[in-house]
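Input: a single structure, listed below in structure tokens.
Every number in this text was worked out from the coordinates using simple rules, so none of it is lab data. Since we're looking at a predicted model, the values are computed, not measured. Cβ sites come from the backbone with ideal geometry, for glycine too, and all protein chains shown count toward neighbours.
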Amino acid sequence: MSKDNQLLEELTSREYEHGWTSDIEMESAPKGLNEDIIRFISAKKNEPDWLLQWRLKAYRTWTTMAEPKWPNVTYPAINYQDIIYYAAPKQKAKPKSLEDVDPELLKTFEKLGISLTEQKRLTGVAVDAVLDSVSVATTFKEKLAELGIIFCSFSEAVREHPELVKKYLGSVVPMNDNYFAALNSAVFSDGSFCYIPKGVRCPMELSTYFRINAANTGQFERTLIVADEGSYVSYLEGCTAPQRDENQLHAAVVEIYAMKDAHVKYSTVQNWYPGDKEGKGGIYNFVTKRALCAGENSKVSWTQVETGSAITWKYPSCVLKGDNSSGEFYSVAVTNNYQQADTGTKMIHIGRNTKSRIVSKGISAGHSQNSYRGQVHVLKRAENARNFSQCDSLLMGNKCGAHTFPYIDVENNTARVEHEATTSKIGEDQIFYCLQRGIDEESAVALIVNGYAKEVLNQLPMEFAVEAQKLLALTLEGSVG
Amino acid sequence: MLSIKNLSAQIDGKQILNGINLEVKAGEVHAIMGPNGSGKSTLASVLAGREEFEVTGGEVEYLGKNLLELEPDERAREGVFLAFQYPVEIPGVSTINFMKTAVNQVREHRGQDPLDAVSFLGLMKEKMKLVEIDQSLLNRSLNEGFSGGEKKRNEIFQMAMLEPKLAILDETDSGLDIDALKIVANGVNKLRSKNNAIIVVTHYQRLLNYIVPDFVHVLYKGKIVKSGGKELALELEAKGYDWIKSEAEVV
Ligand SMILES: Nc1ncnc2c1ncn2[C@@H]1O[C@H](COP(=O)(O)OP(=O)(O)OP(=O)(O)O)[C@@H](O)[C@H]1O
Ligand SMILES: [Mg+2]
């Protein structure tokens, strides 16, 4: 309860608060996309040939694919030749420790409230910080290594653990999975890699923080998490971008591979720049996130709080292959002004006694459009599969829209699939009740909205829950009255 | 403390209050009675600042200020409290969390530091005792699934927490069983002081046995048509409203 109040007291800034840019010397590729650019990226990173070939194959596949048109979003055509696919902070040599990192860079992350100096605020959270195309620093590496946990940038993983990367890269999201996944596979520049060995419970939250800084640059990062038998890890992802008038493309891929008895919790607070009040600028966020519950009794939980981006296209999914495996999806998606979100999940039941749970809370304000799209697919051999889905929409004002597209596909008649949906408006009565107790209107909205989203927010680790509550309130400021 | 002069208000073009006059001094308890639909809740809403109601005439002075110019949340922070006839449900927000937000905003307005978790809990425990409310109720979502009586008791708990100068209780007695009525009335009496005033809207003399009013007013068709001491309530209980109605129609 004290965190709520802290939130309300901190409710002072009015606009997107991460809209500044840092002045960091950058090195980048020329605009546009072709095989030479891909070779350039691969060479910059000193990659082995197998990875270059993998990228090139993805690129060739991508050129044969078409951008998906089914999401309930509209935007002008993206010119893929007008984007810079690689940008990196210029550094004399690869930093060996934090002392070697450009102080401007460290300042950038300090400003975001992310301390990379380990003894500071985020004790108990290991951070991999990614600025534009490259990973800047990873904290707590040695401590984790004692337990055999690998947590590092993707590039480092390619160098130090090629056998793991080669084995699992694309094993959950194949390079030809969809248009944006193929694009990412061709040009991804960095991201995080994480491996938790057999039977190890990761003692701290692992976190990746993404920041787009350079202009005209796309961000294409890749995260790969491999949880070996009986392991546990809780993973956090946060993101921000400067305020710019043009749209920027972000097309990431996250793959989670969970073996027998493994449990992975993946939480995101997505706060990319959403564009201004008239809908100008903002990030196009086209992300593929998928988990494979490969082993028996494995479990993956996705929790997302989506407040940013001009357009969000994102369906964190679980493929429940192992018997008794389970998948969860908890989501709060807020849209305001001219934001558009088409987000949801897919739960694919393959194994026996597999379970899935979906809790989606949409909040729309301003002129925004907010769609939930969810698929529950129970395959033939998935005896006794269970799914429960709850999709709620909250409307603020009457110029916004909320839409639900549930697809249910059951091929085994022992399955039990339940779906509940509600749509409500934030009540004048509720707001007046708060006002009458001396609570001002902004705080009243924050209180009501956080109450509505509570079931999802409760899934977040404490550190993130506070940030998420603040974000919800900030996103909705000025949307009532 | 509160001075209402010739107050009129309407909603959707329908005139509901027709020139109300009422003087309330610190330390006093006023009871407002009157038939259904006579405008009691409307008066309470207008005083609390509900925007749906349009004030079409008259003035309200509260502690030297023009009350009608203050926003509803400012009125609350200045010490006006309304115990709602129909308390509102807020899913996912506990009474504790709700009160912590409210208490600290009121404190900030008074130039006081916010209460830390420990002092807040202390204050809460003290007030819980006053209205004999259980903490498990306060941990639940505000008013969601509360019984009628629990909602009313929760309103008085909030009143105790916020220590208002002017409290308006709109039918807080309806829905309470006999024991709860005594407890709630007892709580209200403990909150009575020479510095604050209470307006009790009720249909029943029974409540006034416990919260003894200094004045009783009868509201009819948006006007106070009769005022008296506490014996007026007894008379109404015995005779009903017809005699007042006919008196009022004659005038
Ligand atoms: N939103 C509204 N729209 C139209 N008429 C309204 C509205 N709110 C109240 N009224 C009308 O105003 C009149 C007074 O209502 P009010 O609730 O003030 O009565 P009351 O004296 O509190 O009655 P009760 O004893 O039943 O609580 C009623 O005729 C009611 O129907
Ligand atoms: Mg009433």
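The table below gives the values:
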| item | result |
| --- | --- |
| Debye, to nearest 20: dipole size of segment A:318-439, +1 on Lys, Arg Cβ, -1 on Asp, Glu Cβ | 260 debye |
| Taking only Cα atoms of segment B:1-102, radius of gyration then Dmax in Å | 14.7, 42 |
| Calculated over the protein assembly as shown: convex hull of Cα atoms, volume per residue (Å³) | 177 Å³ |
| Phi to ³J(HN,Hα) by Karplus 6.51 cos²θ - 1.76 cosθ + 1.60 over segment B:231-241, Hz, x for Gly, Pro | 5, 4, 4, 5, 4, 4, 4, 6, 9, x, 9 |
| For segment B:151-162, Karplus couplings with θ = phi - 60° (6.51, -1.76, 1.60), whole Hz, Gly/Pro x | 4, 5, 5, 5, 4, 6, 4, 5, 4, 4, 5, 8 |
| A:Ile78 paired with B:His203, simple spin-label distance in nm, labels 7 Å along Cα-to-beta-carbon | 6.3 nm |
| Environment charge of B:Leu219, counting only residues whose C-beta is closer than 11 Å and scoring Lys/Arg +1, Asp/Glu -1 | +4 |
| Cut-off 10 Å between beta-carbons: net charge of the residues surrounding B:Ile90, Lys and Arg +1, Asp and Glu -1 | -3 |
| Of the trypsin sites (Lys or Arg not before Pro) in segment A:331-407, those whose Cβ has at most 13 other Cβ within 10 Å and which sit in DSSP loop | A:Lys380, A:Arg381, A:Lys399 |
| Number of partner chain Cβ atoms within 10 Å, mean per residue of B:68-78 | 4 |
| Residues in segment B:62-101 reached by a label modelled at B:Arg140 [backbone nitrogen below 17 Å; 7 Å Cα→Cβ] | B:87-99 |
| Estimated dipole of segment B:120-251 in Debye, rounded to 20 [Cβ of Lys and Arg +1, of Asp and Glu -1, Cα centre] | 380 debye |
| Leading residue at positive end of dipole, chain B (Cβ point charges), from B:Leu70, B:Leu115, B:Gly187 | B:Gly187 |
| 3J(HN,Hα) from dihedral phi, segment B:79-95, Karplus parametrisation 6.51/-1.76/1.60, rounded to Hz, x for glycine, proline | x, 8, 10, 10, 8, 6, 5, 10, x, 8, 8, 10, x, x, 10, 6, 4 |
| Calculated FRET value between B:Tyr210 and A:Asn458, using beta carbons and R₀ = 41 Å, to 0.05 | 0.50 |
| Mean Cβ count within 10 Å, highest first, over the residues of peptides A:426-439, B:179-192 | A:426-439, B:179-192 |
| Listed peptides B:112-122, A:161-171 by packing density, highest first (mean Cβ within 10 Å) | A:161-171, B:112-122 |
| Distant-in-sequence amide H partners of A:Val410 (H built 1.01 Å from N, under 5 Å) | A:Val378 |
| Inter-label distance, nm, simple model (7 Å from Cα along the C-beta direction), A:Glu27/B:Glu249 | 9.6 nm |
| Computed FRET value (nearest 0.05) for B:Asn66 with A:Asp429, which takes r as the C-beta separation and R₀ as 35 Å | 0.85 |
| Mean Cα-pair separation over length for chain B, i.e. relative contact order, pairs under 8 Å, 6 or more apart, % | 27 percent |
| Distant-in-sequence amide H partners of A:Gly374 (H built 1.01 Å from N, under 5 Å) | A:Thr345, A:Phe405, A:Tyr407 |
| Where only C-alpha atoms are counted, convex hull volume of chain B per residue in Å³ | 125 Å³ |
| Ellipticity estimate at 222 nm from DSSP helix runs (n ≥ 4, -39,500 (n - 2.57)) divided over the protein assembly as shown, nearest 500 | -8500 deg cm²/dmol |
